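Below is one structure, written out as structure tokens; the observations come after it.
The values are calculated or read from the model by the stated rules, or taken from the named source; none is laboratory data. Everything numeric in this text was worked out from a predicted model, so none of it was measured. When we count neighbours, we look across all protein chains shown, and the Cβ atoms used for this are built from the backbone with ideal geometry, even at glycine.
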């Protein structure tokens, strides 16, 4: 335990996701040893991001205006919607340059252990977006873990009778991976999702 404000800084840093007690202490001492101008710049950016950044009223992605740049882009296909858990997932999909539709950010995944159910996610907003009939396909791009699978299953049951094309991202072996190190679920998915080599 450290005195006063130093311990307060360590405690606050430790509340960040993925930052344990040792990492919090290491970051705190880095801040203490950093140039004061660097620390002021970091504090300024943290304050500015909280003041300026909001969530898009259409899709839930991070935005500096009422709508994010993707929802404002008229070149995006309005008939295909990719449903993701978090804004960081939008960035990951965009990096592929394979998807030209629009997004819907749920704001998390169903996790009974953490007390997150469907009501805590942006599912009502998703249903509202579907009400005008413009969307014809929904791509479920939730994480391939227990929570992501539960969320995809819930959404599939909810949306299957709406006459939409429902698809799920394929999952399987990573490029450059070795079969011997793949877990059973990943390897099983790779077999399920296999495709013909003469396509």
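Observations
- Residue in segment 83-112 that is farthest from residue 57 (Cα to Cα), counting only those that are out of contact with any helix residue (DSSP H, G or I) (no Cβ under 9 Å at 6 or more places or on another chain) and in a helix (DSSP H, G or I): 96
- Evaluation of residue 63 against (1) surrounded by 13 or more Cβ atoms within 10 Å (Cβ to Cβ); (2) closer than 30 Å to residue 100 by Cβ; (3) in contact (Cβ under 8 Å) with a residue 12 or more places away in the chain (one fails), failing number: (3)
- Test: residue 142 is within 16 Å of residue 85 (Cβ to Cβ), at pLDDT below 95 and assigned by TED's automatic domain parsing to the domain that holds residue 87: yes
- Checked against the criteria, residue 115 counts as modelled with pLDDT under 95 and at positive phi.
- Counted residues, segment 145-165 - those being over 10 Å from residue 81 (Cβ atoms) and assigned to a loop (DSSP other than H, G, I, E, B): 2
- Looking only at segment 171-194, residues that are within 23 Å of residue 108 (Cβ to Cβ) and not in a helix (DSSP H, G or I) come to 1 in all.
- Residue count for segment 71-107 under the criterion of being free of Cβ contacts under 8 Å to residues at least 24 places away in the same chain and either on the phi > 0 side of the Ramachandran plot or buried (at least 19 other Cβ atoms within 10 Å of the Cβ) (or both): the result is 1.
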